[in-house]
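Reading through the structure tokens given below for one structure.
The values are calculated or read from the model by the stated rules, or taken from the named source; none is laboratory data. Quick caveat: nothing in here was measured; it's all calculated off a predicted structure. Reconstructed Cβ throughout: ideal geometry from the backbone, glycine too, with neighbour counts over all protein chains shown.
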Protein chains: 2
Amino acid sequence: MNNEGKEHEGDDDSSPPVILSSPPQRVVLDTSLFVNPDVRTNLGSTPTEALETFLFLAAQIHILEFYMPPSIFEELLHFVEKDRIPGDLLVILHQKPPKRHELKVPAFLLYELIEDLRERVNKGLRIAEKAVRSAEKKKPEEIIQDLRRKYREALREGIIDSKEDVDLLLLAMELDALLISADQGLILWAEKLGIQWLFPDKFKDYLMGAIKRTKLLSEKEPDQSPL
Amino acid sequence: MNNEGKEHEGDDDSSPPVILSSPPQRVVLDTSLFVNPDVRTNLGSTPTEALETFLFLAAQIHILEFYMPPSIFEELLHFVEKDRIPGDLLVILHQKPPKRHELKVPAFLLYELIEDLRERVNKGLRIAEKAVRSAEKKKPEEIIQDLRRKYREALREGIIDSKEDVDLLLLAMELDALLISADQGLILWAEKLGIQWLFPDKFKDYLMGAIKRTKLLSEKEPDQSPL
């Protein structure tokens, strides 16, 4: 595909060379980037700080467009000090729900989801049985703590298990966007659906790279424009 | 839509009138029709008898085409005396898997499935906790029996929970067929997907009706053929 530079070979030589800037890459963000302490560290020590840093960086980027489903946005607002977040947020971070009734997903995913769940449900029962059997040796409260942790691990981890998760996946699908999340279940499903995704700990690096590229492009433009 | 009888108004009066018989209605069958004792009663007292009755009736029907996914067919074979089933079965009951990698399902179904599961998973945990708490009063084996029953009820009933279930739904979708099953979870999903379905206890009546209609149509045909 040797098309590099083809855009400069216009038939009409009288017009100035035009840089065909590609449309901005769309990026769908999950709350986990700001809330999960393992992931947000390089953005800030609290969710509010992390979101502020993001807004500061994102304001300098013209080559990306940031999106979040309203359901996820609401989640985020639970974690931040709302008065400290500037109104920029609403301009920089677009809130858009996916077109739930228009989008379709490949049917083979149903098989994968249901087989996965079947195994998890069986595992959940085994965990519950084990808990009942251990009741002779330990106190009920202690057993129940342990049961809850193990049960949730078996039935929830690494799986999409909420409508917010589905919102993120479908929005990324609809917009042909890059999905950035720290949720392993979401990343697994992004893989299945052919959705671009990024290691969440690379989020800040990605933003820095986008700032650099934005500057580079905006420096080039005035040079080549016919004053 | 006043099109009745339009097929007889051909421009070319020299040719004999032709009955435009519609293509056969496709019907997808679930094992439950032959295996579930509440449903199969009017077909036979054992799965083998029910299947034999079905084959006897189906052989007289030309206006329906019967299908079963191979996964469901295999299930069925576990329940019947294989040597008593005539080879007709293979001719009358077509085994066809759905096109898993071509079919698509509406994305909003993912939401419904996942929300439903989320509630069930929570309910499962509450059942398990209750079982642990009751361990002081009852024997572990007694509790576990009870736990299993309640847990399965909460997590399995009224839901599609196996790849065989998905096979049935997708095959019915692909063939634009009528789905006949005694499984409430499947019927619920057939409703969501716009798949035709029939009350399973009407299965025999449906077959009898189809025999009557087949006879009616085959009696008409010779009458109208230009001998």
Among the residues of the stretch A:14-37, count how many are outside any loop (DSSP other than H, G, I, E, B) and modelled with pLDDT under 90. 0
The listed residue being within 14 Å of A:ILE114 (Cα to Cα) and at pLDDT below 90, out of B:SER134, B:SER162: B:SER162
Does B:LEU55 meet the test of being more than 8 Å from every other protein chain (Cβ to nearest Cβ), in contact with an Asp or Glu (Cβ under 9 Å, 6 or more places away or on another chain) and not in a helix (DSSP H, G or I)? no
Only one of A:ILE159, A:ILE127, A:ILE144 that is of a type in the set (A, V, I, L, M, F, W, C) and closer than 26 Å to A:ASP176 by Cα: A:ILE159
Of everything in the stretch B:83-112 that's facing another protein chain (nearest Cβ under 7 Å) and of a type outside the set (Phe, Trp, Tyr), which residue is surrounded by the fewest Cβ atoms within 10 Å (Cβ to Cβ)? B:HIS101
Need a quick list: helices (runs of 4 or more DSSP H) entirely within the stretch A:156-224 having at least 2 residues that are within 11 Å of the chain's Cα centre (by Cα). A:163-175, A:184-193
Test result for A:GLU74, more than 7 Å from chain B (Cβ to nearest Cβ), of a type outside the set (Ser, Thr, Tyr), free of Cβ contacts under 8 Å to residues at least 60 places away in the same chain and closer than 22 Å to B:LYS139 by Cα: no
Would you confirm, using the coordinates I've provided, whether A:LEU147 is hydrophobic (A, V, I, L, M, F, W, C), over 24 Å from B:LYS163 (Cα atoms), in contact (Cβ under 8 Å) with a residue 12 or more places away in the chain and at the interface with another protein chain (Cβ under 7 Å from one of its Cβ atoms)? yes
Kindly indicate whether any position in the stretch A:197-209 is touching a residue at least 24 places away in the same chain (Cβ under 8 Å) and farther than 21 Å from A:ALA58 by Cβ. no
Residue under question is A:ARG133, and the condition is that it be farther than 17 Å from B:ARG126 by Cβ and at the interface with chain B (Cβ under 10 Å from one of its Cβ atoms); does it hold? yes
Selection within the stretch B:56-82 - among the charged types (D, E, K, R) and surrounded by 14 or more Cβ atoms within 10 Å (Cβ to Cβ): B:GLU65, B:GLU75
Filter the stretch A:41-52 down to residues that are in contact (Cβ under 8 Å) with a residue 24 or more places away in the chain, hydrophobic (A, V, I, L, M, F, W, C) and not in a loop (DSSP other than H, G, I, E, B), then give me how many there are. 1
Would you pick out the residues in the stretch A:165-193 that are charged (D, E, K, R) and crowded, with 18+ Cβ neighbours inside 10 Å? A:ASP165, A:ASP167, A:GLU174, A:ASP183
Conditions (1) at pLDDT 65 or above; (2) surrounded by 12 or more Cβ atoms within 10 Å (Cβ to Cβ); (3) part of a loop (DSSP other than H, G, I, E, B): number failed by B:GLY10: (1)
